[in-house]
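Following: one structure in structure tokens, then a few remarks.
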Amino acid sequence: MLVLVTGGAGYIGSHTCVLLQEAGHEVLVFDNLSNSHPEVFNRITQISGQPVAFSEGDIRDKAALERVFNQFDIDAVIHFAGLKVVGESISEPLRYYQNNVEGSLNLFDVMAANGCKKLVFSSSANVYGDPDSFPIKEDFPLSTFNPYGQSKLMIENILKDVGRADPDWEISLLRYFNPVGAHPSGLIGEDPNGIPNNLMPYVAQVALGRLPQLNVFGGDYPTIDGTGVRDYIHVMDLADGHLKALSALNKKHGCEVYNLGTGKGYSVLQVVEAFAQASGRDIPYQIVDRRSGDIAISYADPTRSQEKLGWRAQSGLAQMVEDHWRWQSENPDGFE
Ligand code: NAD
Ligand code: WQD
């Protein structure tokens, strides 16, 4: 199958490209490199032994998407391209809606015009807002407090309507929990710009000595140790979920939603301790005020993905932090 991977140069996309190639699919990456580095393609090739076809372009540029679909006979699309920083989305909502929603509309339009109606879309557990109970199931009420989450919810709703209007579409909406870790080779991994926003890359930079200490946002949540609890999922497990979702698409599929999480939550301090063990480094931290917009607890019920996709996360926290540390310590400057 020839799979167009939008955002395939990014963190989750690059790991998915490796698995797609290893499973015998042809991969064409479409990315504007706004949050990624072209060195990633050499690294993917080092791992898979296969070159990566790459078309540099922006999903907001419909003509560029049309050129790609005219040139290649694309069987399916995995759509990762998007902006993902919650705080940035609050200060720059128009950029987020334009990039994520308008860009996605262009993509779906061009897909439809070219009769390509198989799609796997990157959604987020952010669409659950602050749930009342746990674990979180796919049919929980949806609400979100920020433009990033809104953009994901809008795209989900658009795709549900598209699926209802035209039964030829086969769509999977994948709601990721907290992706972390890296390919076990240490050749690819997350390479955030500037100071990381997310916990694991921040902790990794503290372990490297690049940042003096971790600020733990909140020590008074109703959790095991007062710090926030999340469902961290290894990026390789996440990538595997995309392959399983792609194989599960068929004419009877319609538009289906799946949680991709492990089903197990860990607190910030449990992550810090696991990272200190894996790296053999001290992770100094101080507990500070809660971060605005954060929720206390989030973890998935992955039963539907297990039953319908035959997918189950394999890696535990120890593996996640070990692989994350290998990538970060062997590539302290990321792909630079
Ligand atoms: P990433 O930033 O590493 O990758 C996204 C890629 O998309 C980048 O290579 C970027 O250059 C590209 N891109 C952005 N806007 C584009 C545009 N207009 N046209 C073409 N390319 C564009 O992010 P990631 O962590 O790999 O996330 C991938 C997807 O998964 C995103 O849609 C994100 O919202 C979603 N997601 C991520 C997380 C997470 O915590 N990493 C969690 C849930 C959902
Ligand atoms: C995890 C925990 C923080 C940084 C975000 C998005 C979500 C999804 C994944 C895209 C929380 C605490 C963090 C730090 C800390 N992305 N923390 N100090 O907020 O669960 O989810 O990324 O879809 O939509 O909202 O992830 O890694 O930022 O935080 O104490 O310096 O670590 O308070 O409890 P989050 P995170």
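The values are calculated or read from the model by the stated rules, or taken from the named source; none is laboratory data. Because the structure is predicted, anything quoted here is derived from the model rather than measured. No Cβ is skipped: glycine too gets one built from the backbone with ideal geometry, and neighbour counts run over all protein chains shown. Just the protein is used for accessible areas: all its heavy atoms, side chains included, with ligands, DNA and RNA removed. Shrake-Rupley method; radii C 1.70, N 1.55, O 1.52, S 1.80 Å.
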Pull out a ≥ b ≥ c, the square roots of the eigenvalues of the alpha-carbon gyration tensor of the range 264-311, then state rounded if a/c is under 1.5, prolate if not and a/b is larger than b/c, and oblate in the remaining case.
oblate
Carbon-plus-sulfur fraction of the accessible area of the range 87-168, 1.4 Å probe, in percent?
52
Yeah, the range 1-120 with a ≥ b ≥ c from its alpha-carbon gyration tensor (a/c under 1.5 is rounded, else prolate when a/b outruns b/c, oblate otherwise) is oblate
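Output the relative contact order of the range 101-208, whole-number percent, from Cα pairs under 8 angstrom with separation of 6+ residues.
It comes to 29 percent, rounded to a whole number.
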Please give the per residue accessible area of the range 166-244, computed with a probe of 1.4 Å over protein heavy atoms only, in Å².
32
The FRET efficiency for D333 and Q50, from their Cβ-Cβ distance with R0 = 41 Å and rounded to 0.05, is 0.95
Of Q98, A112, S133, which is farthest towards the positive pole of the range 48-145's charge dipole, taken about the Cα centre with +1 and -1 on the beta-carbons of Lys, Arg and Asp, Glu respectively?
A112
For D132 and A113, compute 0.36 nm times the residue count separating them, minus their Cα-Cα distance, and round to one decimal in nm.
2.7 nm
If every Lys and Arg gets +1 and every Asp and Glu gets -1 at its Cβ, then about the Cα centre the chain yields a dipole, in debye to the nearest 20, of 420
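State the antiparallel share, in %, of DSSP beta bridges confined to the chain, rounding to the nearest 5.
Approximately 5 percent, going by the DSSP bridge assignments.
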J(HN,Hα) series, the range 264-273, from Karplus relation 6.51 cos²θ - 1.76 cosθ + 1.60, nearest Hz, glycine and proline x
10, x, 10, 7, 4, 5, 5, 5, 4, 5
For the range 148-287, what proportion of DSSP beta bridges, expressed in % and rounded to the nearest 5, is antiparallel?
15
Can you list the residues, at least 5 places off or on another chain, whose amide H is less than 5 Å from the amide H of V216, using H built in the peptide plane?
Q286, I287, V288
Suppose all protein chains stay in the model; what accessible area per residue would a 1.4 Å probe give for the range 1-131, in Å²?
39
Can you give the local net charge around L214? Use residues other than it whose beta-carbon is closer than 13 angstrom to its beta-carbon, Lys and Arg +1, Asp and Glu -1.
+1
Please work out whether the chain counts as rounded, prolate or oblate from its C-alpha gyration tensor, where a ≥ b ≥ c are the square roots of the eigenvalues and a/c under 1.5 means rounded, while otherwise a/b larger than b/c means prolate and anything else oblate?
prolate
When the helix-only estimate is applied to the chain (DSSP H runs of n ≥ 4, each -39,500 (n - 2.57), divided by the residue count), what is the mean residue ellipticity at 222 nm, nearest 500 deg cm²/dmol?
-11000 deg cm²/dmol
Selected from S305, V77, S14, residue furthest toward positive end of dipole (the chain; charges at beta carbon)
S305
Going from most exposed to least, what order do S89, S329 have by accessible area with a 1.4 Å probe?
S329, S89
Can you give me the Cα centroid spacing of the range 262-296 and the range 130-169 in angstrom?
28
Set the bar at 23 Å for Cα to Cα. Now go through K137/K308; K160/K252; K118/K264 and name every pair that lies beyond it.
K118/K264
Once you keep just the Cα pairs under 8 angstrom separated by 6 or more residues, what percentage relative contact order results for the chain?
19
Could you provide, to the nearest whole Å², the per residue accessible area of the range 266-336 with probe 1.4 Å?
53
